[in-house]
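The values are calculated or read from the model by the stated rules, or taken from the named source; none is laboratory data. A quick note: this is a predicted structure, and the numbers were derived from the prediction, not measured. A quick note on method: Cβ atoms are made from the backbone with ideal geometry, for glycine too, and the neighbour counts reach across all protein chains shown. Calculation scope for accessible area: heavy atoms of the full protein, side chains included, ligands and nucleic acids excluded. Shrake-Rupley method; radii C 1.70, N 1.55, O 1.52, S 1.80 Å.
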Amino acid sequence: MDSVRHIVLLRNCRVRGVRLSTHVRQASREHPALAARPGGTVHRVRRLLTRLWRLLRPVQSRVMWLVNAKFVVGVTGVVRDDEGRVLMLKHRLWAPGRQWGLPSGFAHKGEDFRRTVVREVKEETGLDVEVGRLVMLNSGLRTRLEVAFEARLLGGELRLDPFEILEARWCRPDDLPEDVQPVCRPLVRGETVP
């Protein structure tokens, strides 16, 4: 098991952009007996770890998946109409007192985040939008990444998804609903940038 941990450490060092050779050189300077000379301890360990990692090639991605954090990506659209108003939705599944927010949802595996905005707005409201610039990229709650894009209304007929959305309003940026999610105000004002 220790060998697997060493292999994962070796792989993680490469993934994070840290070169293992830097660590080996530092260890060699601090402990000359461990120098990576042919037949030396560090040299043998490095060769062993390299061989083991190569033997694990069929399952390397699974090992990396197990030892690294998993994320879901929440994607939000700041949808504006031609008058500069912002689309606000009252979400059925959100906590009472904080149900108003922007159109949002989770990205599907492999989905382009811009496509997520288009899909979520269409699913929740029936409206068509064109996605603009990225306005927010943050780590969210626990293992969640939050992404927000500006979007422009293209058309469509407002038809709310009754399972997710209770109400929709077009609001002026300075007249948002009282119980709006805290992140929405700066996004609507254009204050949050990547």
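Positive end of the dipole of region 87-151 (Cβ unit charges, origin at the Cα centre): among Thr125, Phe149, Ala95, the Cα lying farthest that way belongs to Ala95. Only protein heavy atoms count here; on that basis, with a 1.4 Å probe, Arg44 has an accessible area of about 130 Å². Taking the Cα centre of region 45-161 as origin and assigning +1 to Lys and Arg Cβ atoms and -1 to Asp and Glu Cβ atoms, the resulting dipole is close to 1300 debye. For His91, His43, the ranking by accessible surface with the largest value first comes to His43, His91, using a 1.4 Å probe. Extension gain for the segment Arg133 to Trp170, taken as residue separation times 0.36 nm less the Cα-Cα distance, is 11.3 nm to one decimal. Of the residues Trp53, Gly74, Met64, the one whose Cα sits farthest toward the positive end of the charge dipole of region 43-90, with +1 on the Cβ of Lys and Arg and -1 on the Cβ of Asp and Glu, is Trp53.
Of the trypsin sites (Lys or Arg not before Pro) found in region 118-194, those that fall in a DSSP loop while having at most 11 other beta-carbon atoms within 10 Å are Arg142. Shape of region 114-186 from the C-alpha gyration tensor: rounded (a/c under 1.5, with a ≥ b ≥ c the square roots of its eigenvalues).
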